[in-house]
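The values are calculated or read from the model by the stated rules, or taken from the named source; none is laboratory data. Predicted model only: the values in this text are computed from it and were never measured. Heads up, the Cβs are rebuilt from the backbone with ideal geometry, glycines too, and the neighbour counts pull from every protein chain shown. Accessible surface areas use protein heavy atoms only, side chains included; no ligands, DNA or RNA. Shrake-Rupley method; radii C 1.70, N 1.55, O 1.52, S 1.80 Å.
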Amino acid sequence: GQGASYALTMTGSLEGCHYIFIETSRCLESGAYYESGTETFVGSYDGQPGTFTTNYVFTAKYANCTTFTGETAGRCQHPFENCSGTGVFAGIKEARLDMRDDTTAGNFPYRGHLLF
């Protein structure tokens, strides 16, 4: 995670740290926000250790996206980078995580699929 822009703690089937490395971002006067980059997950899947990387795109709507205040909607798509998995994630043929921000609770529930 060294040099990460920020990190998320993942709980559920995925337990561990999700390190985010922002490569591009845009904030419009309307509050629309776009961000893309790469991520590295270090942790476990159903108790089995492993790592993987993704390329991601995050879009959101804020009252003020220059200060990241007043988020009204946000979602993120995380397709796995081919051949990036180690441990339990080694040999994954196709995988993707999706997150939709719960702006009321202040968390980021995820869902996804893994094809071994």
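Restricting E15, E29, E39, E35 to residues that are assigned to a strand (DSSP E or B), farther than 17 Å from P109 by Cβ and not aliphatic (A, V, I, L, M) narrows the list to E35. Take the residues of region 60-106 that are open to solvent by 70 Å² or more (accessible area, probe 1.4 Å) and assigned to a strand (DSSP E or B): which is farthest from E39 (Cα to Cα)? Checking each candidate, the answer is K61. Scanning region 72-116 for residues that are touching a residue at least 24 places away in the same chain (Cβ under 8 Å) and of a type in the set (V, I, T), we see that the one that is nearest to I20 (Cα to Cα) is T86. On the basis of being in a loop (DSSP other than H, G, I, E, B) and among the charged types (D, E, K, R), does E23 make the cut? No: the conditions fail for E23.
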